[in-house]
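Data block below; observations after.
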Amino acid sequence: MTVTVVNPATEETIATLDEAGVEEADAAVARAKAAFPGWRDVTPRERGRLLRRLATLVEENGEGLARIESQNVGKPIAGARGEVAMVADVFHFYAGAVDKKHGETIPVAGGVDMTFREPLGVVGLIVPWNFPLNISSWKLGPALACGNTVVLKPAELTPLSALELARLALEAGIPEGVLNVVNGPGRTVGERIVEHPDVAKVAFTGSTEIGRRVGEIASQSVKRVTLELGGKSANVVFADADLEKAAASAPLAVFGNAGQDCCARSRILVERSAVEPFLEALEREVKALRVGDPLDDATQMGPLISADHREKVASYVDDDAPVAFRGSAPDGPGYWFPPTVLSPVSNDDRAAREEIFGPVAAVIPFDDEAEAVKIANDTVYGLSGSIWTRDGARALRVARALEIGNISVNSNSSVRVTTPFGGFKQSGVGRELGPFALEHYTELKNVFISTS
Ligand code: NAD
């Protein structure tokens, strides 16, 4: 079987690859299992050096990787360059973490008690198509730093950057079998990785629906699982905020990556007295968004990933949808969809409840702080969100009241190499990035030595 990889901006085929099945998944797990003892025993200094070398190779090959990502996902090249730079930073960070995961000594009677953080063994990494290389690195960095070997399954639509990264890992000197990529469907290859008895842990990023399935299968073997799932994030704008700044920042907070972002602030909650001036400013910004050729340095938004996905996104903008205004989108080939703002929307409407994963924002008015918090929390998700206000006390109050893993005040950025990332509620289990990810790739061992 082969799989055709398409550029979503042109609908042209950019690669034809062999499609893996269960047999290839089993072979990859076997390679990872065989490589584990050797990789676990590599000295911390050497493992750190190898990861640092991989980081440097990502930097040296940055433009090529960014172009692969841009052409395979339809990402604007400027953003893709930033993502690849982050991938290098992630490997630099975890190269430095190799020798910093310390155990403890614990006072006990009759001896000495100490803890160790042991690697788990073979770890299965399953990633989505929206940030293929970034999300892979968030898992690979801590997994490899802790001494695990991995089987990485990219999304069927976007396997190219993972394959290139595996090649760079070998070039960096990371031994054969430590990082294995299997390119195949989720239903077969993905499920096999999750159920495989020799896989100790699965780190999954994707939809909440598939995350639930992964959790169910993994529970059969009591497998360790971290899940980074969907979102329906709120961007809460109070009337005392710098409205121009909030409106200037709002479009890319939901239309960045064409809205295919788990952190997309797709519910814009605006205090009722500020709705009119905010919408005026927002309309100017949305109409000025540059939507087009992803390889053009000036482009801010590209196409959606596929024709099927465009159809799904379009279903939220039917004849009854309260379309306030829209930006532009090119004609011709490519899965284009214009940035679209719906207003006013009730938080009970489908567009406010479901993760659209496309460039559609819902503006929801609120009357006071208590109502803003209630609406923002009225969702099964809890990944990201923003608060725009000049009142510092209110910013802190609301930040503490929101059931969300990543909150920004007067900013819409959610992700940094050094800070924890992950969701409350059905947005996931566990945290990625920073030192926090390391505990999800080790098992805590306690050793007591009698001194009597
Ligand atoms: P998806 O859940 O359809 O697929 C994700 C991955 O899981 C793919 O590699 C897919 O092949 C695999 N998969 C599919 N079925 C499987 C199964 N039965 N068993 C094992 N693996 C299976 O998600 P997607 O459409 O690729 O990505 C979009 C979703 O990812 C959105 O919901 C988005 O919010 C979420 N996401 C979350 C984060 C986060 O960090 N929280 C980041 C990016 C994307």
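The values are calculated or read from the model by the stated rules, or taken from the named source; none is laboratory data. This one's a predicted model, so the numbers in the text were calculated from it and none came from an experiment. Here the Cβ positions follow ideal geometry from the backbone for every residue, glycine too, while neighbour counts run over all protein chains shown. Keep in mind that these areas ignore ligands, DNA and RNA; they rest on the heavy atoms of the full protein, side chains included. Shrake-Rupley method; radii C 1.70, N 1.55, O 1.52, S 1.80 Å.
Leaving ligands, DNA and RNA out of it, report the carbon-plus-sulfur percent of the accessible area of segment 74-229 at a 1.4 Å probe.
56
Just from its helices, what would the mean residue ellipticity at 222 nm be for the chain, if runs of 4 or more DSSP H residues each count -39500 (n - 2.57) and the sum is divided by every residue, rounded to the nearest 500 deg cm²/dmol?
Value at 222 nm, helices only: -12000 deg cm²/dmol.
Take the Cα atoms of the chain, find their three principal axes, and give me the spread along each one in whole Å, biggest first.
74, 57, 40
When a/c reaches 1.5 or more, the comparison of a/b and b/c decides; with that in mind, is segment 89-135 rounded, prolate or oblate per its Cα gyration tensor? Don't skip to the end; give the middle numbers.
On the way: a/c = 4.52, a/b = 2.45, b/c = 1.84.
Here segment 89-135 falls in the prolate category.
Under a point-charge model restricted to the Cβ atoms of Lys and Arg (+1) and Asp and Glu (-1), what is the dipole moment magnitude of segment 294-421 relative to its Cα centre, in debye to the nearest 20? Don't skip to the answer; put the middle values down first.
Values: 11 positive and 19 negative charges, 118 e Å.
So the dipole magnitude of segment 294-421 works out to roughly 560 debye.
Arrange the peptides 230-238, 18-26 so that the one whose residues have, on average, the most other Cβ atoms within 10 Å appears first.
230-238, 18-26
Using only the Cα atoms, work out Rg/Rh for segment 1-119, with Rh taken as the Kirkwood radius, to two decimals.
On the way: Rg = 20.7 Å, Rh = 18.2 Å.
Rounded to two decimals, Rg/Rh equals 1.14.
Using Cα positions and a limit of under 18 Å, work out the lysines in reach of Lys445, with same-chain residues fewer than 8 apart set aside.
Lys100, Lys101, Lys201, Lys223
In µm²/s, what is D for segment 189-237 at 20 °C and 1.002 mPa s, where D = kT/(6 pi eta Rh) by Stokes-Einstein and Rh is the Kirkwood radius from Cα pairs?
In µm²/s, the coefficient rounds to 186.
Of the listed peptides 320-332, 240-252, what is their order by residue-averaged count of other C-beta atoms within 10 Å, with the highest listed first?
Details: 320-332: 14.5, 240-252: 19.3.
Ranked from most to least packed, the peptides come out as 240-252, 320-332.
When you count, for each residue, the other Cβ atoms within 10 Å and take the mean per peptide, how do 5-17, 396-408 rank with the highest first?
Working: 5-17: 16.6, 396-408: 18.2.
My ranking of the peptides, most packed first, is 396-408, 5-17.
What is the sum of charges around Leu57, taking Lys and Arg as +1, Asp and Glu as -1, for the other residues whose C-beta is under 15 Å from the C-beta of Leu57?
Residues near Leu57 contribute -2 overall.
Based on the alpha-carbon set only, what is the convex hull volume of segment 380-452 divided per residue, in Å³?
Values: hull volume 11.1 nm³, N = 73.
With only Cα atoms used, segment 380-452 gives 151 Å³ per residue.
Note down, for segment 149-293, the three equivalent ellipsoid semi-axes (square root of 5 times each alpha carbon gyration tensor eigenvalue), biggest first, whole angstrom.
Working through the eigenvalues yields semi-axes of 41, 20, 12 Å.
Using θ = phi - 60° and the Karplus relation 6.51 cos²θ - 1.76 cosθ + 1.60, list the HN-Hα couplings for segment 204-218 in order, rounded to whole Hz, with x at every Gly or Pro.
10, 10, x, 6, 5, 4, 6, x, 4, 4, 4, x, 5, 5, 5
How far is the Cα center of segment 288-325 from the Cα center of segment 220-239, in Å?
Their Cα centres are 24 Å away from one another.
Testing the spin-label approximation: label points 7 Å from Cα along Cα→Cβ at Lys445 and Ala393. State their distance in nm.
5.3
Suppose every K and R has +1 on its Cβ and every D and E has -1 on its Cβ; what is the size of the dipole of the chain about the Cα centre, in Debye to the nearest 20?
Values: 46 positive and 61 negative charges, 293 e Å.
Charge dipole of the chain: 1400 debye, to the nearest 20.
Of Leu54, Gly21, Ala80, whose Cα points farthest to the positive end of the dipole of segment 1-95 (charges on the beta-carbon: +1 Lys, Arg; -1 Asp, Glu; origin at the Cα centre)?
Of the candidates, Leu54 comes out farthest on the positive side.
Could you give the accessible area per residue of segment 277-350, probe 1.4 Å, as a whole number in Å²?
The answer is 48 Å² per residue.
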